[in-house]
Amino acid sequence: MTSPADFHHHRRHVLGMASTAALLPSAWPLLSHAQGTPRPLKVVSPWEVSNLDPSKTGYVFTRLEIAETLVEVNGQGLLTGGLARSWSTAPNGLEWRFALRPTARFHDGSAVTAEAVAACLRRALAQPGVLRNTGLQQIQAHGGEVVFRLAKPFSALPAFLAHSSALILAPAAFAADGSVKRLIGSGPYQVVEVNPPQSMRVRRFDGYDGRQPVIEAVDYLGASRGETRGMLASSGQADLVFTHDPVSFGRLRQNRKLQLHMQALPRSIYLKVNADHRFLSDLRVRRALSLALDRPGMAASLLRAPEAAASQLFPPGMGEWHVRGLTPLTQNLEQARQLLRAAGWQAAADGILRNQDGQPFKLTLRTFSDRPELPPMATAIQAQFKAVGIDMAVSVGNSSEIPSGHQDGTLELALLARNYGLVPDPLGTLLQDFGPQGGDWGAMGWHSAQVSQTLADMSRSVDPQRRSALRGAIATVLQAELPVIPVAWYQHSVTASLRLSKVSIDPLERSYRISRMGWAA
């Protein structure tokens with residue numbers, strides 16, 4: 001969403017609507033294999049390589065370990081060194097210094113210097129993205145370190161520098177106009193071939209200054225259709241496949257050549273609401289929409305995970321962001337109908353609500369199929385809203401239609417999934433989603449002075465107890481006012497061939513961890 005719902009993913013039917021037999025032989029684009037080259041690991045995910053710019057497709061490049069950020073995150077969600085081996089901040093919090101790994105090299109053989117890193121991050125700061133929420137005023141190289149100067153203290157700066165839009169590329173990666181012409185990073189894998197928007201090949205970078213991977217080559221395919229990914233996994237044409245349709249879980253578990261991995265993520269599926277819409281500006285209506293939802297039913301039947309029913313926005317795995325004891329979101333159709341009547345809506349003969357002006361309660365919900373569980377959930381929500389008199393159409397299109405609808409004001413409702421781990425500190429995503437202007441994937445037509453102040457206080461505070469209290473305050477306001485309506489907590493699914501060993505799933509989705517894997521004996 002980026003959104004993730006995390007980002008602006010582009011939906012393409014890369015394999016058309018052919019039969020299974022026709023799909024499989026042509027599934028992988030023709031990539032040249034020289035005789036004697038190592039067998040590639042074949043990886044499939046929903047995400048296409050539509051652009052080489054980290055601000056747009058950086059999440060693919062981090063997952064394939066092509067490029068690095070200054071700061072990394074370990075398996076426990078704690079910040080650790082990436083290209084930076086250490087960092088420090090001035091007592092007033094207005095200056096940060098990052099010392100680099102002295103042996104780091106770009107894929108073209110050039111050294112990773114403070115000057116190269118500073119230039120790359122200045123470019124990232126000039127573009128739309130999370131760095132704009134940090135208050136950064138200046139990024140310079142000084143004494144072999146990268147120095148950041150801020151207008152006001154911002155305690156979460158290291159976490160923001162771990163975001164995929166802050167990937168570091170070599171100076172030779174950029175054209176004269178500043179665009180990315182070649183993908184030259186410093187990670188354990190380097191790019192050999194790119195065939196936008198569908199596929200790319202990477203191979204092990206022998207000049208990497210860390211542990212050398214066992215897997216020597218990787219072929220990556222972006223396939224937006226869930227059924228295609230499932231067939232590639234089941235047929236053995238892919239070794240590692242991400243994001244399966246929940247209805248296929250049973251079949252995938254029965255395949256003796258595969259192992260299905262499930263991982264709870266800090267991601268939530270929710271309804272984005274245009275709170276400025278004439279029907280949805282009334283809090284009573286937003287609460288009625290929430291009360292109409294059968295979250296346990298959808299979690300059990302559509303997600304195949306009863307524990308995924310969302311009782312609040314942030315899942316339990318997000319620690320203190322998840323407020324224990326918060327009154328849970330539940331279904332209550334009669335209370336929903338009462339709230340709608342109180343807001344001036346009355347049922348007509350056809351069962352559809354109408355207001356005092358005779359306008360029917362009709363809305364359109366936008367969603368996308370890159371995440372295969374979203375369209376069936378949208379259909380279920382459509383039926384649940386109809387039960388309280390709301391006529392909702394479902395439009396399944398490109399995920400980019402959600403942010404564009406936010407920008408031009410045409411969006412009414414959207415169903416999406418948002419990952420709160422894209423910046424290791426969820427504050428990064430919340431500043432994008434619930435700031436004074438809202439966000440493409442977050443609030444629309446809604447603003448809370450309390451939430452804005454709380455986010456600002458969190459940005460400055462380094463006191464752990466103070467930050468704990470502030471986290472709970474944000475979750476409580478969002479639960480009360482519902483600028484977004486939580487539906488489910490996300491369960492990530494991955495299939496791995498039994499030919500692979502040491503497969504593990506990154507709960508923050510930063511990396512596919514290919515460098516840790518090997519071939520089974």
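Structural remarks
- Per-region count, segment 465-492, residues under 26 Å from residue 331 (Cβ atoms) and not in a strand (DSSP E or B): 11
- Test result for residue 201, in contact with a Leu (Cβ under 8 Å, 6 or more places away or on another chain), modelled with pLDDT of 95 or more and over 30 Å from residue 461 (Cβ atoms): yes
- Just one of (1) over 23 Å from residue 312 (Cβ atoms); (2) touching a helix residue (DSSP H, G or I) at 6+ places or on another chain (Cβ under 6 Å) fails for residue 380. It is (1).
- Taking every residue in segment 203-214 that is of a type in the set (S, T, N, Q) and pairing it with any residue that is surrounded by 13 or more Cβ atoms within 10 Å (Cβ to Cβ), at least 6 positions away or on another chain, the pairs with Cβ-Cβ distances below 7 Å are 212/204.
- Test result for residue 77, at pLDDT below 95 and surrounded by 15 or more Cβ atoms within 10 Å (Cβ to Cβ): yes
- Residue 48 being of a type in the set (D, E, K, R) and either at pLDDT below 95 or surrounded by 16 or more Cβ atoms within 10 Å (Cβ to Cβ) (or both): yes
- Here residue 421 clears all of (1) touching a Leu at 6+ places or on another chain (Cβ under 6 Å); (2) open to solvent by 10 Å² or more (accessible area, probe 1.4 Å); (3) within 27 Å of residue 453 (Cα to Cα) except the condition numbered (2).
- For segment 216-230, filtering for residues that are of a type outside the set (Gly, Ala, Ser), buried (at least 20 other Cβ atoms within 10 Å of the Cβ), modelled with pLDDT of 90 or more and assigned to a loop (DSSP other than H, G, I, E, B) leaves 0.
- Neighbours by Cβ (under 8 Å, 6+ apart or cross-chain): first from segment 74-89, under 14 Å from residue 166 (Cβ atoms); second among the charged types (D, E, K, R) and open to solvent by 50 Å² or more (accessible area, probe 1.4 Å): 79/72; 82/72; 87/97
- For the criterion of being part of a strand (DSSP E or B), hydroxyl-bearing (Ser, Thr, Tyr) and open to solvent by less than 20 Å² (accessible area, probe 1.4 Å), residue 495 passes.
- Selected residue (criterion: least open to solvent (accessible area, probe 1.4 Å)) from residues of segment 355-400 that are of a type in the set (Val, Ile, Thr) and assigned to a strand (DSSP E or B): 367
- Verdict on residue 285 being of a type in the set (A, V, I, L, M, F, W, C) and touching a Pro at 6+ places or on another chain (Cβ under 8 Å): no
- The residues listed here are 416, 411; of these, the one that is part of a loop (DSSP other than H, G, I, E, B) and either under 22 Å from residue 57 (Cα atoms) or open to solvent by less than 10 Å² (accessible area, probe 1.4 Å) (or both) is 411.
- Scan segment 262-278 for residues that are at pLDDT 95 or above and either within 19 Å of residue 337 (Cα to Cα) or in a strand (DSSP E or B) (or both) and the total you get is 8.
- Test: residue in segment 311-320 that is at pLDDT below 95, out of contact with any strand residue (DSSP E or B) (no Cβ under 9 Å at 6 or more places or on another chain) and under 21 Å from residue 418 (Cβ atoms): yes
- Considering only residues in segment 452-492 that are out of contact with any Leu (no Cβ under 9 Å at 6 or more places or on another chain) and open to solvent by less than 20 Å² (accessible area, probe 1.4 Å), the one that is farthest from residue 258 (Cα to Cα) turns out to be 477.
- For residue 281, the requirement of being modelled with pLDDT of 95 or more, small (Gly, Ala, Ser), within 30 Å of residue 437 (Cβ to Cβ) and assigned to a loop (DSSP other than H, G, I, E, B) is met.
- Those strands (runs of 3 or more DSSP E) lying entirely in segment 67-134 with at least 1 residues on the phi < 0 side of the Ramachandran plot, among the charged types (D, E, K, R) and touching a Leu at 6+ places or on another chain (Cβ under 9 Å): 71-73, 84-89, 95-100
- From 519, 446, residue being closer than 30 Å to residue 41 by Cβ and either in contact with a Cys (Cβ under 7 Å, 6 or more places away or on another chain) or open to solvent by 20 Å² or more (accessible area, probe 1.4 Å) (or both): 519
- The set of residues in segment 191-215 that are more than 24 Å from residue 112 (Cβ to Cβ) and open to solvent by less than 20 Å² (accessible area, probe 1.4 Å) contains only 199.
- Single residue of segment 231-247 satisfying the filter (modelled with pLDDT under 95 and under 30 Å from residue 76 (Cα atoms)) that is surrounded by the fewest Cβ atoms within 10 Å (Cβ to Cβ): 243
- One residue alone among 104, 124, 84 is in contact with a helix residue (DSSP H, G or I) (Cβ under 8 Å, 6 or more places away or on another chain) and either surrounded by 15 or more Cβ atoms within 10 Å (Cβ to Cβ) or of a type in the set (Ser, Thr, Tyr) (or both), and that residue is 124.
The values are calculated or read from the model by the stated rules, or taken from the named source; none is laboratory data. Nothing here was measured: the structure is a model prediction, and the numbers come from that model. Heads up, the Cβs are rebuilt from the backbone with ideal geometry, glycines too, and the neighbour counts pull from every protein chain shown. Areas reflect the complete protein model, heavy atoms only, side chains present, ligands, DNA and RNA absent. Shrake-Rupley method; radii C 1.70, N 1.55, O 1.52, S 1.80 Å.
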